[in-house]
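Take a look at the structure set out below.
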Amino acid sequence: MAGGAASLIPFRAAGADEALFLAGCRLSDGQDAAALFDGAGAIVAVSPIDARGHGGAVSPDRRVGVLFARRPGQFAVVFDLNARRRVGAFAPPAERRFAGHGAFSSDGRLLYATENDFEAERGVVGVYDVAAGYRRVGEFATHGVGPHEMLLMRDGETLAVANGGIATHPDFPRMKLNLPFMEPSLALIRASDGELLARAALPERLHKLSIRHIAEAGGAEIWLGMQFEGPPDERVPLVGRFHRDRGIVLNEGWGGAYARLDQYVGSVAASRDGATVVTTSPRGGMALEWDVATRRLRAEHRLADVSGVAAQGSAGFILTTGQGLIAPADAPVLATDVAWDNHIRAV
Amino acid sequence: MRILVAAVAVVFALPAAAQEKPFQPVVEALVREVLVPAYDAFAATAAEQAALTAALCEAPSQAALDAARGGFGALIGAFAGIEPYRFGPAARENRYERLFFWPDRRGRGLRQVQGIIGGEDDTAVGVESLANKSVAVQGLPALEFVLFGTGSDELATIGGFRCDYGATIAGAIAAVGEVMAAEWNAEFAGTMLNSGPDNDAYRSDAEALQDILQAAATQMELTGTQKLAAVVRYSPEAARPKRAAFWRSGQTLPMVSANVATVRSILEGGVGDLLEDDVSLRGALFELSQIDRALTPLLEDGRPFVELAVDPDAHRRLAFAVSPAAAAQALIAERIQGALGLVAGFNALDGD
């Protein structure tokens, strides 16, 4: 357990905040699990799963939550968020692996999952019919290699996909097979038919800057959290924004802050009021707070192994760490005895 | 507005163990006595190989071809000495992949190398021109195909395009070896030895030592899972010897053996001085010796790897070597690094 935990104030009673969050974690006995916790950080449900969890998706009516396995993922688990219990699980086809993230359609009838077509080395979005027990009903291209996070934009019609650019194959677990040939991109895809609406890549000198995590904030802008596969001492921007009409604009000029991130952004989230974006770096043990209106870095917060971040309340965020801390927006930091996985999904 | 007000109050640094240990002397010993000499040796061996290959092209003969092929074995051995280190000069300009683009799951390299030879693609001759081509056609696997692949016996009698391409590859490998050694000596050794808040690569000596130990652990994982387990699989019938690295030149197992030797040189480079209890270190060294025990008779066997991998007795030995490689990896990554407070965070894994 992290040092200093003894000085933390004990958690508040469950129910003090109506908010609910879905995340993967590893329990103190080493068992991987999916967990629900409330806005004060109190764990209200835990369900064992076969391997590490990763990103979650919540249905528009907030009744159903899905947690995807960490890539290369072979399952996703389904939760009834009212009953706060697990109600099912489903798997990708044998020739696909989940990439760890997904999103529901605006009517809640379909679930979209980023997947790796590993034989062809291309990304796809798997389409699953919720009412039919998550039967896979189709797929379409992500127009890139190694897709990771995907979100449904606020227009309810457009999927934004981060194509990380890194090829992997289940025969070589987690090995990066194409670093010299990486071409990361951000793609906007029409959810109804898979039509590519826009696609932006990085300049050639930054072709090893893997676009992995995204959040929508302010004027249909997608904020990008990136990971650099080049030398550790080469200073590159690790945060940027994409807009359909403006392409990708990197947040330049914050080299001092980027130098503390160990070339690695693990998660991105926007506040509900759209005024703030937080990017976390578990390797650097840093959370950066960005002002959306000015695109300027507002603050840096040091927190060891921080990765999970989600909006809480109208302007704030809740953070989790691999060392067990839950830091709500306006409640005391809570030390739990579980290791929190990379992402939090607000219900 | 203080958005993350609660988090601000919590300030954590590295675990106490990582702050107290005197890592610097161990990093210094490893860099000066293990890493830099390995880069110097690779540069020298690669220069020799370039000379041998050029000599073959100038005056083709069976003796010259044998010398070039023999030199290739030495080159693989020297490469195994630097193979674990994907940081520093090796990470710049795709140098690591220029030397060793592997595993090449889609056969990018082989297809293109065959295409270059078959089509006598002149742009693959001349080091500068070759550097602009795919990394998969300018490294050790490409040179192996030129010297050992189908049609290579003709090199003993005809120089020609195939030989000129091979000499170019050998020259390109030597150039990469030279620049890496030069950068290590001139600059990167100093970077590793002078950690601090202004050092973009290493903020602490702990980070520098972590890079080296993690490289050793990752090498054992790669050697065990990709070079051995993925090749021998679950039975002699199921074995896929042509998935192995350098099966054409008979360097598959010598390279595994050299990987073991490199990891041993890291573990014996002073880490023990930092450990209160060296049981995990001795355990890791024992596992390395088990790999050697399994492979030694095969190294002396003389049959090509494609025959060895499907022979029941040899297969049993190859399959046996997988377990100690995994055990050594776990001991280094978890027990040794754990005892030193150098374990990566739960969420610090690649690409998530």
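Listed values, structure above:
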{"read-out": "Solvent accessible area, Å² - B:Thr225, 1.4 Å probe, full protein context", "value": "60 Å²"}
{"read-out": "Longest to shortest principal axis, alpha-carbon extents of chain A, angstrom", "value": "50, 49, 39"}
{"read-out": "Percentage of interatomic Cα-Cα distances in the protein assembly as shown larger than 43 Å", "value": "27 percent"}
{"read-out": "Cα-based Lys pair tally, the protein assembly as shown, threshold under 20 Å, eight or more apart or on separate chains", "value": "4"}
{"read-out": "Among A:Val64, B:Ile266, A:Thr142 - extreme Cα towards positive end, dipole of the protein assembly as shown, charges at beta-carbon", "value": "A:Val64"}
{"read-out": "R0 of 25 Å, Cβ-Cβ distance A:Asp129-A:Asp337: FRET efficiency to nearest 0.05", "value": "0.05"}
{"read-out": "Estimated dipole of region A:40-99 in Debye, rounded to 20 [Cβ of Lys and Arg +1, of Asp and Glu -1, Cα centre]", "value": "100 debye"}
{"read-out": "For region A:130-144, Karplus couplings with θ = phi - 60° (6.51, -1.76, 1.60), whole Hz, Gly/Pro x", "value": "4, 5, 8, x, 6, 6, 7, 10, x, 7, 9, 5, 8, 6, x"}
{"read-out": "Angle in degrees between helix B:279-299 and the longest Cα principal axis of chain B, rounded to the nearest 10", "value": "10 degrees"}
{"read-out": "Calculated Rg and Dmax of region B:66-129 using C-alpha coordinates, Å", "value": "14.1, 37"}
{"read-out": "Given charges at Cβ of Lys, Arg, Asp, Glu: the protein assembly as shown dipole, positive-most of A:Ala215, A:Gly53, A:Leu111", "value": "A:Leu111"}
{"read-out": "Computed Rg/Rh of chain B, alpha carbon atoms with Kirkwood Rh", "value": "1.01"}
{"read-out": "Size-normalised alpha-carbon gyration radius of region B:192-254, reference 2.2 N^0.38 Å", "value": "1.70"}
{"read-out": "Chain B: calculated mean residue ellipticity at 222 nm from DSSP helix runs of at least 4, using -39500 (n - 2.57)", "value": "-17500 deg cm²/dmol"}
{"read-out": "C-alpha center-to-center spacing [region A:15-66, region B:62-109] in angstrom", "value": "46 Å"}
{"read-out": "Cα centroid separation, region A:262-283 to region B:234-291 (Å)", "value": "40 Å"}
{"read-out": "Helix-only CD estimate at 222 nm, as mean residue ellipticity for chain A, using -39500 (n - 2.57) per DSSP H run (n ≥ 4)", "value": "0 deg cm²/dmol"}
{"read-out": "Interface size B-A, as summed buried accessible area [1.4 Å probe, Å², nearest 100]", "value": "4300 Å²"}
{"read-out": "If the convex hull is drawn through the Cα atoms of region B:213-316, its volume per residue in Å³", "value": "94 Å³"}
{"read-out": "Rg/Rh for region A:201-347, where both radii come from Cα atoms and Rh is the Kirkwood radius", "value": "0.96"}
{"read-out": "Rounded tilt (10° steps) of B:160-183 against the dominant C-alpha axis of chain B", "value": "20 degrees"}
{"read-out": "Orientation-averaged projected area, Cα convex hull of region A:62-149 (nm²)", "value": "5.4 nm²"}
{"read-out": "Of B:Phe148, B:Gln138, B:Ile173, farthest towards positive along the dipole that unit charges on Lys, Arg, Asp, Glu beta carbons give region B:133-198", "value": "B:Phe148"}
{"read-out": "Residue order for A:Glu229, A:Glu18, A:Glu149, A:Glu119 - accessible surface, 1.4 angstrom probe, largest first", "value": "A:Glu18, A:Glu119, A:Glu229, A:Glu149"}
{"read-out": "Inter-probe distance in nm under a simple model that places probes 7 Å from Cα toward Cβ, at A:Phe75 and B:Ala261", "value": "4.6 nm"}
{"read-out": "Helix axis angle, B:36-58 relative to chain B longest principal axis, alpha carbon, degrees", "value": "10 degrees"}
{"read-out": "Built amide H within the under 5 Å cut-off of A:Phe118, gap 5+", "value": "A:Arg97"}
{"read-out": "Area accessible to solvent at B:Ser323, 1.4 Å probe radius, in Å²", "value": "80 Å²"}
{"read-out": "Sparsely packed chymotrypsin sites (Phe, Trp or Tyr not before Pro) within region B:117-178, loop by DSSP, other Cβ within 10 Å at most 10", "value": "none"}
{"read-out": "Max mean-square fluctuation residue, GNM over chain A, Cα-Cα springs under 10 Å, options A:His243, A:His301, A:His101", "value": "A:His301"}
{"read-out": "Dipole in debye (nearest 20) - the protein assembly as shown, about Cα centre, beta carbon charges: Lys, Arg +1; Asp, Glu -1", "value": "1660 debye"}
{"read-out": "Magnitude of the charge dipole, region B:198-286, Cβ model with Lys/Arg +1 and Asp/Glu -1, debye to 20", "value": "1060 debye"}
{"read-out": "Gyration tensor (alpha-carbon) shape descriptor, region A:261-347, a/c threshold 1.5", "value": "oblate"}
{"read-out": "Mean separation of Cα contacts under 8 Å (6+ apart) over length of chain A, as relative contact order %", "value": "13 percent"}
{"read-out": "Restricting region A:244-347 to GluC sites (Glu not before Pro) in coil, as DSSP defines it, with at most 15 other Cβ within 10 Å", "value": "A:Glu252"}
{"read-out": "Rounded to the nearest 10 Å², the accessible area of B:Ser257 at probe 1.4 Å", "value": "30 Å²"}
{"read-out": "Formal net charge of residues neighbouring A:Pro60 (Cβ-Cβ distance under 14 Å; K, R +1; D, E -1)", "value": "+1"}
{"read-out": "Principal axis box of region A:86-195, alpha-carbon based, largest edge first, Å", "value": "41, 29, 22"}
{"read-out": "Residue range of chain B that is longest and free of GluC sites (Glu not before Pro) which are both DSSP loop and sparsely packed (at most 10 other C-beta within 10 Å)", "value": "B:1-236"}
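The values are calculated or read from the model by the stated rules, or taken from the named source; none is laboratory data. Small disclaimer: the values here were computed from a predicted structure and weren't measured. Note that each Cβ is placed from the backbone with ideal geometry, even for glycine, and that neighbours are counted across all protein chains shown. Heavy atoms of the whole protein, side chains included, go into the accessibility calculation; ligands, DNA and RNA do not. Shrake-Rupley method; radii C 1.70, N 1.55, O 1.52, S 1.80 Å.
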